[in-house]
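Chemist: A single structure is presented below for examination.
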């Protein structure tokens, strides 16, 4: 999706371990995109507020605080501000956001003229990926714990500030399955994004 200033904005949401960052890395390395991880923005704020970046309870509390205090799309606004500052010193084709967790963020992408993509894969594949990346204390999480953690980020609410992965899926312009090879995933992404 191209905005009025000819810059592409892509929002990538999805289930845990589905390949959101993999898609962002591809866009960064191969298509000259700037990557904004909303999770990194939340981690920065959580470090300031709690001196911790553990997912439970600090990251969720921090993300909810930001959305409730400054609006559901605050992380999109912060990311666009950061992108615009860096765009002055380096020219990018566009910006890709990952880690979208709330309806407000999904709406923020669309209001900015962006394209919203949802990435998914079977839970067993995603659990193995999570174990392989060894982030935080995720390595100690069981498959059941993984499922419970993901369920905690779902709600039936239309509240823009609440974690709501599957309502974001309903709002997505396209869904990309990442249940095969990396090459297949990238081909599917290129087709969905018309790169």
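Chemist: From the list 18, 52, which one is surrounded by fewer than 16 Cβ atoms within 10 Å (Cβ to Cβ), in a loop (DSSP other than H, G, I, E, B) and touching a helix residue (DSSP H, G or I) at 6+ places or on another chain (Cβ under 8 Å)? Break it down stepwise before answering.
Modeler: Details: 18 fails: surrounded by fewer than 16 Cβ atoms within 10 Å (Cβ to Cβ).
Checking each option against the conditions leaves just 52.
Chemist: Let me ask something additional. If you take the residues in region 113-138 that are farther than 17 Å from residue 21 by Cβ and over 16 Å from the mean Cα position of the chain (by Cα), which one is modelled with the lowest pLDDT?
Modeler: So the first thing to find is which residues in region 113-138 are farther than 17 Å from residue 21 by Cβ, and the list is 113-115, 122-124, 137.
Of the ones still in play, those that are also over 16 Å from the mean Cα position of the chain (by Cα) are 113, 122-124, 137.
On the way: 113: 94, 122: 93, 123: 92, 124: 91, 137: 63.
It comes out as 137.
Chemist: Show the residue pairs that are 6+ apart or on different chains and have beta-carbon atoms under 7 Å apart, the first residue being within region 101-114 and under 23 Å from residue 151 (Cα atoms), the second being modelled with pLDDT of 95 or more and in a helix (DSSP H, G or I).
Modeler: Correct list of pairs: 105/75; 105/76.
Chemist: Would you tally the residues in region 75-91 being within 16 Å of residue 108 (Cβ to Cβ) and in contact (Cβ under 8 Å) with a residue 12 or more places away in the chain? Give the derivation first.
Modeler: If we filter region 75-91 for residues that are within 16 Å of residue 108 (Cβ to Cβ), which is where we start, we get 75-84.
Keeping just the survivors that are in contact (Cβ under 8 Å) with a residue 12 or more places away in the chain gives 75-80, 82-83.
Summing the residues that are within 16 Å of residue 108 (Cβ to Cβ) and in contact (Cβ under 8 Å) with a residue 12 or more places away in the chain in region 75-91 gives 8.
Chemist: Just checking: which of the strands (runs of 3 or more DSSP E) contained wholly in region 79-195 hold 3 or more residues that are touching a strand residue (DSSP E or B) at 6+ places or on another chain (Cβ under 8 Å) and crowded, with 17+ Cβ neighbours inside 10 Å?
Modeler: Numbers: elements: 94-100, 115-120, 174-177.
In region 79-195, the matching strands (runs of 3 or more DSSP E) lie at 94-100, 115-120.
The values are calculated or read from the model by the stated rules, or taken from the named source; none is laboratory data. A quick note: this is a predicted structure, and the numbers were derived from the prediction, not measured. Cβ: placed from backbone, ideal geometry, glycine included. Neighbour counts: every protein chain shown.
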